[in-house]
Structure formats: structure tokens, C-alpha cells
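A.B. asks: After the C-alpha cells below, expect a handful of questions from me.
The values are calculated or read from the model by the stated rules, or taken from the named source; none is laboratory data. Keep in mind that what you see is a predicted model, and the values were worked out from it rather than measured. Quick reminder, even Gly has a Cβ in these numbers, built from the backbone with ideal geometry, and neighbours come from all protein chains shown.
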Amino acid sequence: LGADVPVFVRGHAAFAEGVGEILTPVNPPEKWYLVAHPGVSIPTPVIFKDPQLPRNTPKRSIDTLLKCEFSNDCEVIARKRFREVDAALSWLLEYAPSRLTGTGACVFAEFDTESCARQVLEQAPEWLNAFVAKGVNLSPLHRELL
């Protein structure tokens, strides 16, 4: 099982520490996202073994993370090694704040409204497999079970 499984079992948005096993529930704004797969697979070890991956990024508190722009140390490496990821992010960044998911290969852009996300989706290049999704803090399944 992956380190991200506990957040799905608990069913609530969370800030993860350690290798994903230490979870603190959070309630960020529920935005809309355009998620896109650029048609390439990225093996996690390729990213983690790259000598240019920062190993000393300062730890930030939950409050700090929720108030500032997020960043992903893996993104620079993925963009450098996989031109498809670079092309997808370059395209998305023309429309909205965009980032790499984890070690990739998916990328996503954040929108305040569904209509804005769908307008950009309609302009997606054919080589990009993309969809729009609403971010939620409580899993719909958990909501049904409560």
C-alpha cells in the first residue's frame, strides 16, 4: 500500500507528515481543479534518485502552508526529465496556478469556479487527457456513512 492510503481511509482532507502516516485534518477552500495526464509515466525512484532534488527544504507549519503558495520540489526535476510534463504545465500555467501531483506525472490547475475550469478544459490540446473535479474536504462516501 502507498503512503497516501491513510488519508483515503479517514476520508477527510489532511496535512501529512512523515511518509504520510501522521495526519492532521485541515479545511482548505474547496476549489475546482483541472487535472491532466500528459501521456507519460514517471517512476517515483527516477525523481527521488535525482541528485538535483533538494534534500533540505525547510519544514513549514500547517498554518504557513495554508496561507502561502504551495510548491513541489519534485516539479523541477519532472519538468527537466520529461518534456511532456513541462509542456502540460507550461500550457496550464497560461490559465491558472498549476502544479505537479506528487512525483507526477499528472499536473493540475486550480480554479475558483467550475465554469472557469471547464472553459480551459475545452481548450486542452488533444494529447492531454484531462478532466475537471471539485476539491472536497470530506469524502462523499464518508458523508453518506455518517
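A.B. asks: Considering only the range 124-146, state which residues are touching a residue at least 24 places away in the same chain (Cβ under 8 Å) and either of a type in the set (Ser, Thr, Tyr) or over 19 Å from Ala13 (Cα atoms) (or both).
C.D. replies: Selection gives Ala124, Pro125, Trp127, Leu128, Asn129, Ala130, Phe131, Ser139.
A.B. asks: Sticking with this one: Among the residues of the range 104-113 satisfying the criterion of being out of contact with any Ser or Thr (no Cβ under 9 Å at 6 or more places or on another chain) and in a loop (DSSP other than H, G, I, E, B), which is farthest from Pro51 (Cα to Cα)? If you could, list the steps in order and put the result at the bottom.
C.D. replies: Of the range 104-113, the ones out of contact with any Ser or Thr (no Cβ under 9 Å at 6 or more places or on another chain) are 106, 111-113.
Right, trim to in a loop (DSSP other than H, G, I, E, B) and you get 106, 112-113.
On the way: Cys106: 22, Asp112: 37, Thr113: 39 Å.
Applying the filter and picking the extreme gives Thr113.
A.B. asks: Give Val19, Val9 a once-over and let me know the one that is assigned to a loop (DSSP other than H, G, I, E, B) and either of a type in the set (A, V, I, L, M, F, W, C) or in contact with an Asp or Glu (Cβ under 7 Å, 6 or more places away or on another chain) (or both).
C.D. replies: Values: Val9 fails: assigned to a loop (DSSP other than H, G, I, E, B).
After applying the criteria, what remains is Val19.
Every residue, every condition in (1) of a type outside the set (Gly, Ala, Ser); (2) within 16 Å of Lys31 (Cβ to Cβ); (3) surrounded by fewer than 13 Cβ atoms within 10 Å (Cβ to Cβ), yes or no:
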site	(1), (2), (3)
Ser61	no, no, yes
Ala78	no, no, no
Val85	yes, no, no
Gly104	no, no, no
Ala109	no, yes, no
Ala117	no, yes, no
Val132	yes, yes, no
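A.B. asks: Hey, another quick one. Restrict the check to the range 14-24 and report whether at least one residue is closer than 30 Å to Glu144 by Cβ, surrounded by fewer than 12 Cβ atoms within 10 Å (Cβ to Cβ), aliphatic (A, V, I, L, M) and at pLDDT below 90.
C.D. replies: Scanning the range 14-24, I find at least one residue that is closer than 30 Å to Glu144 by Cβ, surrounded by fewer than 12 Cβ atoms within 10 Å (Cβ to Cβ), aliphatic (A, V, I, L, M) and at pLDDT below 90, so the answer is yes.
A.B. asks: Turning to a different aspect of this structure: Pairs, please: C-beta under 7 Å, at least 6 apart or cross-chain, first residue within 20 Å of Ile22 (Cα to Cα) and in the range 59-77, second of a type in the set (Lys, Arg)?
C.D. replies: Short answer, once both residue conditions are applied: Phe70/Arg99; Asn72/Arg99.
A.B. asks: Based on what the data block shows, is Gly18 in contact with a Cys (Cβ under 9 Å, 6 or more places away or on another chain) and either closer than 25 Å to Val136 by Cβ or charged (D, E, K, R) (or both)? Full working, then the answer.
C.D. replies: Numbers: in contact with a Cys (Cβ under 9 Å, 6 or more places away or on another chain): no; either closer than 25 Å to Val136 by Cβ or charged (D, E, K, R) (or both): yes.
Taking the combined requirement at face value, the residue does not satisfy it.
A.B. asks: Filter the range 12-58 down to the residues that are within 17 Å of the chain's Cα centre (by Cα) and of a type in the set (Gly, Ala, Ser) and list them by number.
C.D. replies: Ala13, Ala14, Ala16, Gly20, Ala36, Gly39, Ser41
For (1) closer than 13 Å to Trp32 by Cβ; (2) not in a strand (DSSP E or B), each residue gets a yes or a no:
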| residue | (1), (2) |
| --- | --- |
| Glu69 | no, yes |
| Ile77 | no, yes |
| Asp86 | no, yes |
| Glu94 | no, yes |
| Gly102 | no, yes |
| Ser115 | yes, yes |
| Gln119 | yes, yes |
| Val132 | yes, no |
| His142 | no, yes |
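A.B. asks: Further, regarding this structure: Considering only the range 11-31, how many residues are among the small types (Gly, Ala, Ser) and touching a residue at least 60 places away in the same chain (Cβ under 8 Å)?
C.D. replies: Kept after step one, since they are among the small types (Gly, Ala, Ser), are these residues of the range 11-31: 11, 13-14, 16, 18, 20.
Checking which are touching a residue at least 60 places away in the same chain (Cβ under 8 Å) leaves us with 11, 13.
Final tally of qualifying residues: 2.
A.B. asks: Looking for something crowded, with 17+ Cβ neighbours inside 10 Å and either under 25 Å from Trp127 (Cα atoms) or not β-branched (Val, Ile, Thr) (or both) - is there at least one such residue anywhere in the range 45-58?
C.D. replies: yes
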